[in-house]
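> I'd like to ask some things about the structure below.
What follows is calculated from the coordinates using simple rules that are stated; it is not laboratory data. All figures in this text were calculated on a predicted structure; none of them were measured in a lab. In this analysis, Cβ positions are derived from the backbone assuming ideal geometry, glycine residues included, and neighbour counts consider all displayed protein chains.
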Amino acid sequence: MEGIREVLEGHRQAILAGAPCPAPEAIEADVLARLGEAARGSLRAVVNATGVVIHTNLGRAPLSAATLDAMRHAAGYTNLEYDLEAGERGDRYGHAEAPLCRLTGAEAAVVVNNNAAAVMLALAALMDAPPARASGPAGPATPLAGPPEVIVSRGQLVEIGGGFRIPDVLRRSGAALVEVGTTNRTYLRDYEAAVGPRTRILLTVHRSNFRLSGFVHDTPLEELVELGRQRGLWVVDDLGSGTLLATRPFGLGDEPTVQERIRAGADLVCFSGDKLLGGPQAGILAGRREAVLRVKRHPLMRALRVDKVTLAGLLATLAHYERGEATAEVPVWRAIAAAPDASRARAEAWRGALGDLGAGCAVRPSRSAVGGGSLPEVTVPTFVLALPGGAPDALLARLRRADPPVIGRIEDDRVVLDPRTVLPDEDEALLRGVREALKARRTTDGP
Ligand SMILES: *Cc1c(COP(=O)(O)O)cnc(C)c1O
């Protein structure tokens, strides 16, 4: 109603200002367009032409076709917590555990809402008692004179974005944070010196969205695991993005894989479902059986558990890895693996399809970022379509008003569109948006 009133008021003002009275059909079309916008709601699909593969503001990982199918099917009734053999209540967490163990080599695994939840749960669940393997002769643990302690390197006390700060998460979980080492270098002896009677957890955190370079030393996870074993401590690894594929063949440097962190012996490795894994938003905890069991039994688990639709999507995404087809089927990996020549061919095709609107466009080399708080400053070569120059901010804004909105970026004072992150079936939508934006510019900015 308010929308209709606003449209009519707009026309009234225009007429009062001397504009000719529009035809009733034109007014009707305006009203319908406004109502359409209102019905659509504010959350919309967009074309990501930024070249940032895992773009947190644009919803991180786009999902594979099989993942979407699986999520649609799971939206009805499912055997989420029902054992079809026995005809009785089944294990909600079992569905994802088997494939996660096969893929990562972990003894056990469980899925929660996101990685922030996974880290919180890991700390909360392991804080209460030391690992059984370390308790030696059975008997009640002596009560601690103060809160249990978690040891973290000063070089890993990071803010991940969206206010997820490791020191804050730790304090909220009821633990005391013990910082060791320096910003750039932390050695095993720093951890050793800090272990006391209240120490429960050695925590490592992937720096994710920033990079230390130069005079840097991180204590290898293997050394922390050994220290944990000697002193009866849990070792938790917040791996952040969590890749299952080796990154070096794709020109992304050496990211530790989940499998490597499990093999190094961490009790729990925590990682996201929607970063380099390329699935729906989820947090995964994988590691030793005893640790995962404690997580499953923690009261917070119920509050942070994953829903059936997400779980189905995650399973379908994991199946791509199990079938060895991740780089062909998981959109994040397809984008990362795309050759620069493929980007060039697509950018050329876009320019061709724009006809004379494409006159001032240029196809030129650039770099795409992996992004998403996963691999800072890691870029891969690409080609982009640079749109005609002048007032690039205004042109970006016009592209954002397209339906669907097209999100580009500015490079050297020109709007550029990177084919790497534009999904295979989005070329037409992108071209429609670009045509409208360039035409609108012609009419308002002159030839
Ligand atoms: C991204 C990230 C998180 C948060 O993960 P979400 O899945 O966004 O909740 C936590 N820790 C690290 C190291 C990260 O990179």
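> In percent, how large is the relative contact order of the stretch 350-434, given Cα pairs closer than 8 Å and 6 or more residues apart?
Relative contact order for the stretch 350-434 comes out at 27 percent.
> Now a separate question. Taking amide H atoms as placed 1.01 Å from N in the peptide plane, list the residues 5 or more away in sequence, or in a different chain, whose amide H sits under 5 Å from that of R60.
H55
> Now for a different question. Between helix 221-231 and the chain, what is the angle of the helix's C-alpha long axis to the longest principal axis, kept within 0 to 90° and rounded to the nearest 10?
Tilt relative to the chain: about 30 degrees.
> Per residue of the stretch 146-163, what does 6.51 cos²θ - 1.76 cosθ + 1.60 with θ = phi - 60° give for ³J(HN,Hα)? Whole Hz please, x for Gly and Pro, Karplus curve as stated.
Running phi through 6.51 cos²θ - 1.76 cosθ + 1.60 with θ = phi - 60° gives x, x, x, 10, 10, 9, 9, 5, 4, x, 10, 8, 9, 9, 7, x, x, x Hz.
> Relative to the longest principal axis of the chain, what angle (0 to 90°, nearest 10) does the C-alpha long axis of helix 24-40 take?
For helix 24-40, the angle is close to 10 degrees.
> Of all the Cα-Cα pairs you can form in the stretch 65-329, what percent are over 32 Å apart?
Numbers: 8044 of 34980 pairs.
Taking all Cα-Cα pairs of the stretch 65-329, the fraction more than 32 Å apart is 23 percent.
> Further question: With everything on Cα atoms, drop me the angle between helix 340-353 and the longest principal axis of the chain, reported from 0 to 90° to the nearest 10.
20 degrees
> List, in order, the whole-Hz ³J(HN,Hα) value for each residue of the stretch 110-121 obtained from phi through the Karplus relation with A = 6.51, B = -1.76, C = 1.60 and θ = phi - 60°; use x for Gly and Pro.
8, 10, 10, 4, 7, 6, 4, 5, 4, 5, 4, 5
> Antiparallel DSSP bridges in the chain: what percent, to the nearest 5?
The antiparallel proportion sits near 55 percent.
> For the stretch 283-353, what D do you get in µm² per second when you plug the Kirkwood radius from alpha-carbon pairs into Stokes-Einstein at 4 °C and 1.567 mPa s?
83 µm²/s
> Considering all alpha-carbon pairs of the chain, what whole percent are spaced by more than 32 angstrom?
Pairs farther apart than 32 Å: 49 percent.
> Among 253-265, 233-245, how do they line up by average Cβ neighbours within 10 Å per residue, starting with the highest?
Working: 253-265: 18.5, 233-245: 26.2.
Highest-to-lowest ranking by the protection proxy: 233-245, 253-265.
> Here's a follow-up. Quick one: work out the % antiparallel among DSSP beta bridges in the stretch 65-329, nearest 5. The partial results should precede the final answer.
Details: 14 of 34 bridges.
Close to 40 percent.
> Dipole of the stretch 65-329, Cα-centred, from +1 at each Lys and Arg C-beta and -1 at each Asp and Glu C-beta, to the nearest 20 debye? Could the numbers behind the result be given before it?
On the way: 30 positive and 31 negative charges, 117 e Å.
Roughly 560 debye for the stretch 65-329.
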